[in-house]
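All remarks here apply to the structure that follows.
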Amino acid sequence: MNAAPPAPSTRAVPRLRVGQWLALSIGVLLTFAVTGVGLALIANQRLTDQRHVVLDEVEPALLAALNLENALINEETGVRGYILSGDSRSLEPYEEGRAVEHRAYLDLERRGAVTGSALVDDLRRVRTRAATWQLRFVEPILRSAPTADTRSIAHTLAGKRLFDAIRASLGQLRGDLASRLASARRQLDRKSVV
């Protein structure tokens, strides 16, 4: 005798009552809601972190770099005025510039570790070139009253070349900071869209 194939199980999937369906639906919805809130909180934190980079790190570093540049230009203006006039009052912008320069270095050094090693190198280059200008050009003038020797074209051109090197270093620092700011803003824009 041939055995008949086994009959499919007649055991039905248990039927859920309306209350159970409602509880299951609410559980699924709550899972989606909690996941959505969690993802939104993570995205918000990333956006906040990127805003911090732009507003509290890079932009203030760029402002400090501009302060440094203005300070050095004021120093150069004061020294040039002193060379031309021989009047020590012409050195006021120089003295004020030295104080601002010192504060700007401190501010930039404090931010250097955050904004990147290229900026640390840029700042070191500016500082070295400014010290060279001070040592080779400014200090000899300040040790004695301006003389025909310090007013000579050759001496003035040597001082100008030294200061042009400072300007080039400042331009590199500013450029690197501007690139960092543009990059940070792009990241902020991307994170604000996500």
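The values are calculated or read from the model by the stated rules, or taken from the named source; none is laboratory data. Every value quoted in this text rests on a predicted model; they were computed, and no experiment measured them. Quick reminder, even Gly has a Cβ in these numbers, built from the backbone with ideal geometry, and neighbours come from all protein chains shown. Note: areas computed on protein heavy atoms with side chains; ligands, DNA, RNA excluded. Shrake-Rupley method; radii C 1.70, N 1.55, O 1.52, S 1.80 Å.
General remarks:
- When residues of segment 101-123 are limited to those that are surrounded by fewer than 17 Cβ atoms within 10 Å (Cβ to Cβ) and in contact (Cβ under 8 Å) with a residue 24 or more places away in the chain, the one nearest to Ala168 (Cα to Cα): Ala118
- Identity of the residue in segment 124-147, aliphatic (A, V, I, L, M), modelled with pLDDT under 90 and assigned to a helix (DSSP H, G or I), that ends up most open to solvent (accessible area, probe 1.4 Å): Leu142
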